[in-house]
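Right, one structure below, let's go through it.
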Amino acid sequence: MFPYESGVCAQGQYMPDPVQLFPRAVNTAGIEKYNKLLAFQQTPVYPSCQKTVLESVMDVMRIKVETKSTVKAVDEYLQYTASMLPNGHRLPTTHRKIQKRMTLVALTHVRYVTLTDIS
């Protein structure tokens, strides 16, 4: 019997599996997105604020959908809110910045076009 076949060599000592000659590359894209999302979720809007940036952005997007607001209305709302926050806040001030940040953490909206949309 070949000594490595059972994982135990002739002296009775355990032999670890042979090391791969060519280790596979690890795809870290998912890990990077998770770390960005985690940082986005844990970052407060400003120091000593109870709300995080992610919570605030999600609230703004929820309000936009529920009230059927336009992008311009959301921009004005964000800029008005930002004017009341202390300097150094992390709340995005435009809808485009929110979309860009959401794309970075892979929280994007996908719209499917159906045949009824075309006519």
Quick tally, 1.4 Å probe accessible area for Met84, Met58, sorted with the most first, runs Met84, Met58
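Can you give the Kirkwood hydrodynamic radius of the range 34-91 from its Cα pairs, in Å with one decimal?
12.2 Å is the Kirkwood radius here.
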Can you give the accessible area of His89 in Å² (nearest 10), computed on protein heavy atoms with a 1.4 Å probe?
-> 50
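The values are calculated or read from the model by the stated rules, or taken from the named source; none is laboratory data. Only a predicted model underlies this, so the values are computations on that prediction, with no experimental measurement involved. Surface accessibility is based on the protein's heavy atoms, side chains included, excluding ligands, DNA and RNA. Shrake-Rupley method; radii C 1.70, N 1.55, O 1.52, S 1.80 Å.
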